[in-house]
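Notes for the one structure printed next.
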Amino acid sequence: MLQVTVIGAGVAGLCCALELAERGAAVEVLERGAQLGAGSCSWFAGGMLAPWCELESSEPLIASLGEESLSWWRVRFPGTVRNGSLVVAHARDAAELTQFARRTARFEHVSGEAIAALEPELRGRFARGLYFRDEGHLDPRAALTALAARLGALGVHIRFGVGAADTPVRGRAVLDCTGLGAAPRLPGLRGVKGEMLLLRLPEISLQRPVRVLHPRLPVYVVPRGEGVFMVGATMIESAEERHIGARSMLELLSAAYALHPAFGEAQIIEIGTGVRAAFPDNLPRLRRDGATLHVNGLYRHGFLLAPALARRAAQVVLEGRHFPEVMDEDCRQRRLA
Ligand SMILES: Cc1cc2nc3c(=O)[nH]c(=O)nc-3n(C[C@H](O)[C@H](O)[C@H](O)COP(=O)(O)OP(=O)(O)OC[C@H]3O[C@@H](n4cnc5c(N)ncnc54)[C@H](O)[C@@H]3O)c2cc1C
C-alpha cells in the first residue's frame, strides 16, 4: 500500500488526502496550524462554486475544471447547494452587466420580475440581471469540517501543530498543499490578499450568491444560513494577512448596502483576511520536485478547483499519469528521467 504524506489541511490538502485514501493509499496529513482553518486561506473563502461566472476574469480551463468539481462536492459534502448564482447591477452600471455577459457563459438574462421570483428580497431593486442556473455554493468551514470527518472515517489522521519542516517524511510520497507556505520552494508564487466580512441580518434571506457589479469593486454576498452573510472579497497584491484596510471595509459595506439597504442595520460578526497563492498566470499547477508533488496556485478558485486537481494529483502519484493542462512540461521530463 502506498504511503503518502499530505502537507497542509486547507481545501487542496483535504481534497487530495480524500482522493488518495478513497483509492486505497495510506495517508497522513500534517498541518502546522493548531486546528482546522488556523493559518489557512480556505477558512475565509466565499465558497462560491461558479465556473461560468469566473470566466469573466479567468481562462476556460478554470471553468472546465470547476464544472468537474461541482459533482465531487455534491457527493462528498451534502451541504453543497446547487441553485445557481445571480449577477446584478444598478441602472448606472448597466454597461458592467453587458460586459460581464460578453465574457461569461451558461447564463440566462433575467428581468426585474424574474430576479424577484428568484430572490424576493430584491424585488424592485434591479431591472436586469444574469442568472447562472448551474452554479453552486457551500459553506467553506462546514465543508472542510465534513472532509476532515470523512478522512477520519477512512482512518486518515490529521496531525495538527506539525510543520513539515519539523517532521522528516522520508520513504513516503509527499503532496505539498501548503498554499503560500510553499513560496520559498515555488518560484513565482505570490500572495493576493482577500478581505471579507461576516454580517448577521436575520431580517433578510437570500437563497444563492449574488454578485453586484460595479466598475471599481465588484463584490458578492453569499448566504450562510440563519441570517449570516459573507461579503467578499477584495483582491490586493499583498501577502500581508493581518489587517483589513479602511477603504476595503468601506467598499465591502457599501456594496452590501447597495445590494439591499437593510444591510445598513447588520451586525458585523467577523472581519477576515486570507492570502490566496497564485502563479504569475493565475492558473493552478501540479509541479513535481523529486518525491514531492506540489498542488498549488489555486488563486481565487480553491473550492472550485481542488476536487479536480486532487483527482489528477492522486492519479499522478498512484498511476504515474501526466496531465498537460495543469502540469509543467519540464516536470514530466523530470519524472520520466
Ligand atoms: C476572501 C476570500 C474569498 C474567496 N472566495 C472563494 C470562493 O468563493 N470560491 C473559491 O473556490 N475560492 C475562493 N477563495 C480562494 C480559496 O480560498 C483559495 O484558493 C484556497 O483556500 C486555497 O487553498 P489551499 O489549500 O491551496 O491553501 P490554504 O487554504 O492556505 O491551505 C494551506 C495549509 O497549509 C498549511 N501549511 C503551510 N505551511 C505548512 C507547513 N510547512 N507544514 C504544515 N502545514 C503547512 C497552512 O497552515 C494551511 O492550513 C477565496 C479566498 C479568499 C481569501
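The values are calculated or read from the model by the stated rules, or taken from the named source; none is laboratory data. None of the values given here were measured: they were computed from a predicted structure. Note that we place each Cβ from the backbone using ideal geometry, even for glycine, and neighbour counts take in every protein chain shown. Accessible surface is based on the protein model in full, side chains and every heavy atom, while ligands, DNA and RNA are left aside. Shrake-Rupley method; radii C 1.70, N 1.55, O 1.52, S 1.80 Å.
A few points about this structure:
- Applying the condition of being within 20 Å of the chain's Cα centre (by Cα) and part of a loop (DSSP other than H, G, I, E, B) to segment 1-32 and asking which residue is farthest from PRO223 (Cα to Cα) yields GLY8.
- Pair list, Cβ under 6 Å, 6 or more apart: segment 138-164 residue more than 26 Å from HIS301 (Cβ to Cβ), other residue away from the ligand (no atom under 11 Å from the Cβ) and not in a helix (DSSP H, G or I): HIS157/GLU28
- When LEU217 is tested against (1) within 11 Å of the ligand (Cβ to nearest atom); (2) without any contact (Cβ under 8 Å) to a residue 40 or more places away in the chain; (3) closer than 30 Å to GLU265 by Cβ, only condition (1) is not met.
- Check on GLY191, under 25 Å from ALA239 (Cβ atoms), of a type outside the set (Phe, Trp, Tyr) and at pLDDT 95 or above: yes
- Pairs meeting the criteria (first residue in segment 11-22 and within 15 Å of GLY297 (Cα to Cα) and open to solvent by 10 Å² or more (accessible area, probe 1.4 Å), second residue more than 8 Å from the ligand (Cβ to nearest atom) and assigned to a helix (DSSP H, G or I), beta carbons under 9 Å, at least 6 apart or on different chains) are ALA12/LEU309; ALA12/ALA310; ALA12/ALA313.
- Figure legend. Inter-residue proximity from segment 57-71: first residues assigned to a helix (DSSP H, G or I), second residues among the aromatic types (Phe, Trp, Tyr), beta-carbon distance below 9 Å, spacing 6+ or different chains. Indicated pairs: ILE62/TYR299; ALA63/TRP52; GLY66/TRP52; GLU67/TRP52; SER69/PHE303.
- Qualifying residue in segment 33-41 (condition: part of a helix (DSSP H, G or I) and either of a type in the set (A, V, I, L, M) or within 6 Å of the ligand (Cβ to nearest atom) (or both)): yes
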